[in-house]
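The values are calculated or read from the model by the stated rules, or taken from the named source; none is laboratory data. Nothing here was measured: the structure is a model prediction, and the numbers come from that model. All Cβ positions, even for glycine, are placed from backbone atoms using ideal geometry, and neighbour counts span all protein chains on display. Calculation scope for accessible area: heavy atoms of the full protein, side chains included, ligands and nucleic acids excluded. Shrake-Rupley method; radii C 1.70, N 1.55, O 1.52, S 1.80 Å.
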Amino acid sequence: MKLKFALIVAVLSTVSIYAQQRGAPAAPPPAPRVAAPIDLAGYWVAIVSEDWRWRMGVGLKGDYGYLTLSPEGRKVGDSWDPAKDEAAGEQCKTYGAVGVMRLPTRLHITWENDDTMKVETDAGTQTRVFHFNGAAPQGQEPSWQGYSAARWDFEGPRGARGAPQTPRAGQLRVVTTNLRPGYIYKHGVPYSGNARLTEFFEINPGLQGETYLSLTATVDDPQYWAQPFVRTVHFRKEADGSKWSPSACSSK
């Protein structure tokens, strides 16, 4: 009888412990700013190591090289007229989210709040806003910078249920839509208002103690491109903003 009672007590205790574990509320996820696996904040300067003729100046009209524009995209590119863009007040067409990160620019990356990251460029004096917890407002007018939805892509194991999250390596993933049509390069290489920009931001250490930011961007735009445009650009971190030099948009 005593043995049976002991078994019942043991079973009930096990069930009670299991129920407590199952019923334990999970710890709320940390805010994106707190959960950041990499630190992007600070000043960065572009390293132009490829596509020099297109990134450092204005290329020649119709010079598409390896770029896989669709027939419609080539038609738009062949009609490029920088004077016309200036006269129409559209000199910022290369300074939208798709093109501005490929310019010889500096970046200033900060947190606006725990859920929102801000990326400013001195080229064109543009501001991109990355939203971690939000959705694009319905009916919002397309803009040069569009709407950017961000998230951290983590690598490595998460903490156990209800336990603090352990530090993990990772990268920032940003998807931007709702864009005004613009240029990837200043010589009229176009993207349409249907373009979807996906970016991955990674931090890499240098051999001399410097820090580099690698940005891989994919532009999906079947209207103007036969294949997605995929390129990686690099930035080096600067000690401060002493070299920050804002300039206006220009088609030249």
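Of note:
- Any chance ALA217 is at pLDDT 95 or above and over 21 Å from the mean Cα position of the chain (by Cα): no
- Set GLN208, GLN165: member being modelled with pLDDT under 95 and touching a helix residue (DSSP H, G or I) at 6+ places or on another chain (Cβ under 8 Å): GLN165
- For region 198-210, the condition holds for at least one residue, the condition being that it is closer than 16 Å to ASP39 by Cβ, of a type outside the set (Gly, Ala, Ser) and assigned to a loop (DSSP other than H, G, I, E, B).
- For region 49-80, the set of residues classified as aliphatic (A, V, I, L, M) and either touching a residue at least 60 places away in the same chain (Cβ under 8 Å) or in contact with a Cys (Cβ under 7 Å, 6 or more places away or on another chain) (or both) consists of VAL58, LEU60, LEU67, LEU69, VAL76, listed by residue number.
- Checking each residue in region 91-132 for being touching a residue at least 60 places away in the same chain (Cβ under 8 Å) and among the acidic types (Asp, Glu) picks out ASP114, ASP115, ASP122.
- The one condition in (1) open to solvent by less than 70 Å² (accessible area, probe 1.4 Å); (2) closer than 19 Å to ARG102 by Cβ that ILE203 fails to fulfil: (2)
- Residue within region 105-116 that is open to solvent by 40 Å² or more (accessible area, probe 1.4 Å), more than 27 Å from the chain's Cα centre (by Cα) and not basic (Lys, Arg) present: no
- Picking from residues in region 38-81 that are assigned to a helix (DSSP H, G or I) and over 12 Å from TYR185 (Cβ atoms), the one that is most open to solvent (accessible area, probe 1.4 Å) is LYS75.
- Residue in region 139-161 that is in contact with a helix residue (DSSP H, G or I) (Cβ under 8 Å, 6 or more places away or on another chain), more than 30 Å from LYS61 (Cα to Cα), modelled with pLDDT of 95 or more and part of a loop (DSSP other than H, G, I, E, B) present: no
- ALA149 falls short of the stated requirement of being hydrophobic (A, V, I, L, M, F, W, C) and surrounded by fewer than 13 Cβ atoms within 10 Å (Cβ to Cβ).
- Total residues in region 208-245 satisfying the condition of being more than 17 Å from ALA97 (Cα to Cα), of a type outside the set (Gly, Ala, Ser), open to solvent by 40 Å² or more (accessible area, probe 1.4 Å) and in contact (Cβ under 8 Å) with a residue 24 or more places away in the chain: the figure is 11.
- Inspection of region 49-62 identifies no residue that is farther than 28 Å from GLN227 by Cα and out of contact with any helix residue (DSSP H, G or I) (no Cβ under 9 Å at 6 or more places or on another chain).
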